[in-house]
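The structure appears right after this line, and notes come after that.
The values are calculated or read from the model by the stated rules, or taken from the named source; none is laboratory data. Only a predicted model underlies this, so the values are computations on that prediction, with no experimental measurement involved. Heads up, the Cβs are rebuilt from the backbone with ideal geometry, glycines too, and the neighbour counts pull from every protein chain shown.
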Amino acid sequence: MTAVSGSPRSSRLRRTRVAQALDNRGTLIATLLVPVLIFFVLFNTIPTLWLLGLSFYNYSLTSGSPPSFVGFRNFIQIFNNRNNIWADLSRTFTFVVFGVGIQTVLGLALGFLFWGSKEMPGRRVALTMLFTPMVLTPVATGTFFRFIYDPDFGVLNVILHGLFSTRPINFLSEPGTAFWAVLAVDCWMWTPFMILMALAALGSVPKAELEAAEVDRLPWRKRLTLVIWHHGKFILMLGILLRTIDSFKTLDLIIPLTKGGPGQETRLVAMEVNKQAFESFNMGWSSAYSVLLLLISIAMTSVFIFILNLRRRRGA
Amino acid sequence: MAEINIDGVTKRFGTFTAVQDMDIRFADGEVACLLGPSGCGKTTLMRMIAGLEHPTSGRILFGDRDVTALPTHARNVGMVFQYPVMYPTLSVAENIALPLKQDRSLSAAERDLRVAEMLDVLDMREHGGSFIDELDSGNRQKVAVGRAIARRSDIVLFDEPTTNVEVNAKLQLIRAIKTVIQRTRQTIVYVTHDQTEAMTLADRIALMYGGKIIQYDRPDVLYNQPLTEFGGWFLGNPGMNFVPATVANGQISAPILAEPLPAPANLPSQGAIKIGIRPEWIAMHDTPQPGSVEGTLADQTVGIAGRYLTRVSFGDVDVKVKTDGRPPAPIGGRVHLVPRRGRITLYADGNRLA
């Protein structure tokens, strides 16, 4: 006799079989992971592999000719400094180091301030206001900072003129100031994130240990190294890592501010990839460039993780 | 010189009053336990002594020194917290040495000597080089005890140090604390909600309830002559019996009294009071005795060391009685109780009369 599918008995059997399968820990974990894995493969692994493949081709969307395999030619061009991209890379590193550095220092300073002033009236309002830059669209931020920096009617020049009687400065168009003007906006936008991470890091320090340090009369330096740093370092380093990766890809802020100008002064790596891929439609070359940036990002992340584990191993 | 004087201290958190207009003096070199149920203000009082909280009003003095406005680090107290604190990047010996290093007048040799001595007392010699990961919570707390004591500050505070310690490590920890406490001449304030701990460790116990000190006395006085019904109920396992009684014509009569008691002079001549007597001060017999009253054995449970805890009922009044060995009657049977006269205390409106 054959099993009649759809009969109550067989469906009940099937359900118990599913339940039994889910009882198995391995099966359960696999079942829960499958949707994520599908998503990950579809939107992450396949595009990355596609990108990797494309980097070995000469493929221009506008020429109409089919992609042609060129081996390592794209990479060789990059190493031969096509479009002066080594300057972009070194400028981006400067941007990351100064930007993340300033944001970390300011974030920590303000984080300590807010951490130490839990009784201060208006603290909550101040914190909320402080976090607004982070939630604004970078394009909007860039646009209104362009107005602030404007040499003719920008408020910054008005203030500077009023205070120091300076002549109007065209912050975004002068080679000496453009880069730092953009960096300042980046800091304005992302310092709140580092405050948040600093507060989270400080929040992870057990209250009893801080009180014990107070009772034991430890000087501030010792409290920082023995108690606060030990508990807070992981979250803080995570914040720095996230900010580094993000800062390395800065694009949306620069487009409304300077579009990379004047000349090449504010052109970061992401600007060039964006221009080659979506303005010149030079897909092969921009893919090769992206692969290089991906490798750099992975390298930076690995270094961070290595440092974190190193400290933990020694601290244990 | 290191007596602690709490002078009219009140502490409010918003609308909640944790400590209410408190006056108490912890004598120099004594071990005082603050004992009471959760939320009675004992931890708040201790934290105010440490300087981790500041009183809303009133003064705190160490000897003649008014420390009310001083921050913790300026008060020079040692403290052991509920949560075992051990600095994670330092070894056991380094942890104990850390507060000593803040004292510049102490030579390195003297410091090492004190650390070694402390490790000895705590029975942790072989753990001197261990780190936090290698120790259980009891040993971590011992390190915290060592750190607080080795400094030889005048005052040491313990904030429920055994609460967050695993059960099997607890006994060892209490033994270590007891050893340490007996050896030092520091003034010690020890907060606990565990009466056994308080009874074993304290020279004097301050029983607290609702932000007030109900009674501050030697453990045996506190146990045998509680000033309030709450004290009698809270201490002992189980607590004191409170049997309704009436006063009439200078005589007290109650269901557990075979013949009326003469009422002390300070009692009102008329009215309802309560008789307090601990379950262990009532003897149980199977036959009538001089001065015995007859009741029904309603319930029995086996207690510690062959003792039984029973409930004897007199109509609508129940009395708890502790017996050495099995009760002389089965449940439902008749028993004869003799309360020991000298152990009877009298209460009205929750407070002791005599």
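Mind counting the residues in the stretch B:117-149 that are more than 30 Å from the chain's Cα centre (by Cα) and touching a residue at least 12 places away in the same chain (Cβ under 8 Å)?
Qualifying residue count, the stretch B:117-149: 6.
Step by step: first the residues of the stretch B:42-90, then only those that are more than 7 Å from chain A (Cβ to nearest Cβ) and among the hydroxyl-bearing types (Ser, Thr, Tyr), then the one that is surrounded by the fewest Cβ atoms within 10 Å (Cβ to Cβ). Which residue is that?
B:Ser57
From the residues in the stretch A:226-239 that are in contact with a helix residue (DSSP H, G or I) (Cβ under 6 Å, 6 or more places away or on another chain) and closer than 15 Å to A:Leu108 by Cα, which one is nearest to the other protein chains (Cβ to nearest Cβ)?
Per the stated criteria, the residue is A:Gly232.
Which residues, taken from the stretch A:211-225, are buried (at least 20 other Cβ atoms within 10 Å of the Cβ) and either of a type in the set (A, V, I, L, M) or more than 12 Å from chain B (Cβ to nearest Cβ) (or both)?
Answer for the stretch A:211-225, where residues must be buried (at least 20 other Cβ atoms within 10 Å of the Cβ) and either of a type in the set (A, V, I, L, M) or more than 12 Å from chain B (Cβ to nearest Cβ) (or both): A:Ala212, A:Ala213, A:Val215, A:Leu218.
I'd like the full set of residues that are among the polar types (S, T, N, Q) and outside any helix (DSSP H, G or I), limited to the stretch B:162-176.
Hits for the stretch B:162-176 are B:Thr162, B:Thr163, B:Asn164.
Would you be able to say whether some residue in the stretch A:251-259 is in contact with a Pro (Cβ under 6 Å, 6 or more places away or on another chain) and of a type outside the set (D, E, K, R)?
Yes, the stretch A:251-259 contains a residue that is in contact with a Pro (Cβ under 6 Å, 6 or more places away or on another chain) and of a type outside the set (D, E, K, R).
When you look at A:Ala208, is it assigned to a helix (DSSP H, G or I), among the aliphatic types (A, V, I, L, M) and away from every other protein chain (no Cβ under 14 Å), yes or no?
It is false that A:Ala208 is assigned to a helix (DSSP H, G or I), among the aliphatic types (A, V, I, L, M) and away from every other protein chain (no Cβ under 14 Å).
Look through the stretch B:13-55, keep the residues that are acidic (Asp, Glu) and in a strand (DSSP E or B), and return whichever of them is farthest from the chain's Cα centre (by Cα).
B:Asp21
Pick from B:Ala298, B:Ala272: which is surrounded by 12 or more Cβ atoms within 10 Å (Cβ to Cβ) and either among the basic types (Lys, Arg) or at negative phi (or both)?
Result: B:Ala298 is the single residue among B:Ala298, B:Ala272 that is surrounded by 12 or more Cβ atoms within 10 Å (Cβ to Cβ) and either among the basic types (Lys, Arg) or at negative phi (or both).
Go through the stretch A:70-95 and count every residue that is over 18 Å from A:Gln276 (Cβ atoms) and either of a type in the set (Asp, Glu) or modelled with pLDDT of 85 or more (or both).
The qualifying residues number 4.
I'm told A:Leu32 meets every condition in (1) out of contact with any Phe, Trp or Tyr (no Cβ under 9 Å at 6 or more places or on another chain); (2) at positive phi except one. Can you identify the failing condition by its number?
Unmet condition: (2).
Rundown of residues vs (1) in a loop (DSSP other than H, G, I, E, B); (2) under 30 Å from B:Leu267 (Cβ atoms), yes/no style:
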{"site": "B:Glu294", "(1), (2)": "no, yes"}
{"site": "B:Thr310", "(1), (2)": "no, no"}
{"site": "B:Lys320", "(1), (2)": "no, yes"}
{"site": "B:Pro328", "(1), (2)": "yes, no"}
{"site": "B:His336", "(1), (2)": "no, yes"}
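Check A:Ile195, A:Ile169, A:Ile159 and return the single one that is modelled with pLDDT of 85 or more and more than 21 Å from the chain's Cα centre (by Cα).
A:Ile159
Please work out if B:Arg25 is buried (at least 16 other Cβ atoms within 10 Å of the Cβ), of a type in the set (D, E, K, R) and either more than 11 Å from chain A (Cβ to nearest Cβ) or out of contact with any strand residue (DSSP E or B) (no Cβ under 6 Å at 6 or more places or on another chain) (or both).
Taking the combined requirement at face value, the residue does not satisfy it.
When the stretch B:177-193 is examined, which residues are found to be at pLDDT below 85 and in a loop (DSSP other than H, G, I, E, B)?
B:Thr184, B:Arg185
Which members of the stretch A:64-105 meet the condition of being among the hydroxyl-bearing types (Ser, Thr, Tyr) and crowded, with 18+ Cβ neighbours inside 10 Å?
A:Thr92, A:Thr104
Among B:Arg147, B:Arg185, which is buried (at least 18 other Cβ atoms within 10 Å of the Cβ) and touching an Asp or Glu at 6+ places or on another chain (Cβ under 9 Å)?
Unique residue meeting the criteria: B:Arg147.
So that you can scan it fast, the table gives a plain yes or no per residue for (1) in contact (Cβ under 8 Å) with a residue 24 or more places away in the chain; (2) outside any helix (DSSP H, G or I); (3) in the same structural domain as A:Ser204 (by TED's automatic domain parsing); (4) over 23 Å from A:Ala200 (Cα atoms):
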| position | (1), (2), (3), (4) |
| --- | --- |
| A:Arg217 | no, yes, yes, yes |
| A:Arg221 | no, no, yes, no |
| A:Leu224 | no, no, yes, no |
| A:Trp229 | no, no, yes, no |
| A:Leu241 | yes, no, yes, no |
| A:Thr250 | yes, yes, yes, yes |
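Need pairs with beta-carbon distance below 9 Å; first residue over 15 Å from A:Ala270 (Cβ atoms) and within the stretch A:77-96, second outside any helix (DSSP H, G or I); sequence gap 6+ or separate chains.
Pairs found: A:Asn84/A:Gln264; A:Asn84/A:Arg267.
Of the conditions (1) closer than 16 Å to B:Asn237 by Cα; (2) among the small types (Gly, Ala, Ser); (3) out of contact with any Ser or Thr (no Cβ under 9 Å at 6 or more places or on another chain), B:Gly276 fails just one. Which one is it?
It is condition (3) that B:Gly276 fails.
Among the listed residues A:Leu268, A:Leu257, A:Leu295, identify the single one that is assigned by TED's automatic domain parsing to the domain that holds A:Leu183, surrounded by fewer than 21 Cβ atoms within 10 Å (Cβ to Cβ) and either within 18 Å of the chain's Cα centre (by Cα) or modelled with pLDDT under 90 (or both).
A:Leu295
How about the stretch A:63-181: which helices (runs of 4 or more DSSP H) wholly inside it have at least 2 residues that are of a type in the set (S, T, N, Q)?
A:73-79, A:85-115, A:123-135, A:138-149
Being part of a loop (DSSP other than H, G, I, E, B) and surrounded by fewer than 13 Cβ atoms within 10 Å (Cβ to Cβ) is the requirement here; does B:Pro264 meet it?
yes
Go through the stretch B:319-343 residue by residue and tally those that are crowded, with 16+ Cβ neighbours inside 10 Å and either closer than 16 Å to B:Ala254 by Cα or under 27 Å from the mean Cα position of the chain (by Cα) (or both).
9
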